[in-house]
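Enquirer: Mind having a look at this structure? Questions to follow.
The values are calculated or read from the model by the stated rules, or taken from the named source; none is laboratory data. Note that this is a predicted model, so its numbers are computed, not measured. Positions of Cβ are generated from backbone atoms using ideal geometry, with glycine treated the same way; all protein chains shown enter the neighbour counts.
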Amino acid sequence: MSLETTINGAIKTAMLGKQEAELRALRAIKAALLLAKTADGANGELNEADEIKLLQKLAKQRKDSLEIFQQQNREDLAKKEQEELDVIEKFLPKQLDEQELRGIITGIIGKTGASSPADMGKVMGVATKELAGKADGKMISTIVKELLAK
């Protein structure tokens, strides 16, 4: 079942349950899907990888906004962003924890033969492809820097 079909079903459920926060997030996802499908160069369909990238982009936007609102002590707006982020994360694949990520990245470093921070680009290229949708890019970068600095 495509993400769009899943989202449409979830929208109906949220409308019937009068769940405003969930409905707001689901409508944002649906709007982003429609924009991506009708963008220049798009063939009207999104594959699973594109859907995951789109959800990650939406989640990152919410996280960034959440951070800003918390810094400015705007708890009312921060709460809305957190609610939307929670809904978006339901549709993303399970994220790897730090220990699992360290193990995978250590393996990638071994495969690529990287030995110093100068090899970071080589490791990041492989790591971002292998871990697409499974981990946050910022966390991957931090762990790669730390492991290559040893």
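Enquirer: I need the full set of residues from the stretch 78-123 which are in a helix (DSSP H, G or I) and under 17 Å from the mean Cα position of the chain (by Cα), in order please.
Expert: Step one: of the stretch 78-123, the residues in a helix (DSSP H, G or I) are 78-90, 98-112, 117-123.
Glu81, Gln82, Glu83, Glu84, Leu85, Asp86, Val87, Ile88, Glu89, Lys90, Glu98, Leu101 - these are the residues of the stretch 78-123 that are in a helix (DSSP H, G or I) and under 17 Å from the mean Cα position of the chain (by Cα).
Enquirer: Can you find, within the stretch 116-130, the residue that is nearest to Lys53 (Cα to Cα) among those that are small (Gly, Ala, Ser) and in contact (Cβ under 8 Å) with a residue 12 or more places away in the chain?
Expert: Filtering the stretch 116-130 down to residues small (Gly, Ala, Ser) leaves 116, 118, 121, 125, 127.
After this cut, where a residue has to be in contact (Cβ under 8 Å) with a residue 12 or more places away in the chain as well, the list is 116, 127.
Working: Ser116: 30, Ala127: 15 Å.
Per the stated criteria, the residue is Ala127.
Enquirer: So the check is Cβ under 7 Å with 6+ separation or different chains; which pairs have a first residue in the stretch 42-55 that's on the phi > 0 side of the Ramachandran plot and a second one that's surrounded by 10 or more Cβ atoms within 10 Å (Cβ to Cβ)?
Expert: If the second residue must be surrounded by 10 or more Cβ atoms within 10 Å (Cβ to Cβ), the pairs left are Gly44/Lys37.
Enquirer: Quick check: is even one residue across the stretch 127-138 in the same structural domain as Ala39 (by TED's automatic domain parsing) and surrounded by 17 or more Cβ atoms within 10 Å (Cβ to Cβ)?
Expert: Within the stretch 127-138, the first condition is being in the same structural domain as Ala39 (by TED's automatic domain parsing), and the residues that meet it are none.
No - not one qualifying residue is present in the stretch 127-138.
Rundown of residues vs (1) over 30 Å from Arg24 (Cα atoms); (2) surrounded by 15 or more Cβ atoms within 10 Å (Cβ to Cβ); (3) acidic (Asp, Glu), yes/no style:
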| residue | (1), (2), (3) |
| --- | --- |
| Lys79 | no, no, no |
| Glu84 | no, yes, yes |
| Ile88 | no, yes, no |
| Pro93 | no, no, no |
| Glu98 | yes, no, yes |
| Ile105 | yes, yes, no |
| Gly110 | yes, no, no |
| Ala114 | yes, yes, no |
| Asp119 | yes, yes, yes |
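Enquirer: Tally up the residues in the stretch 1-55 that are in contact with a Leu (Cβ under 8 Å, 6 or more places away or on another chain) and either loosely packed, with under 11 Cβ neighbours inside 10 Å or over 27 Å from Leu131 (Cβ atoms) (or both), please.
Expert: 3
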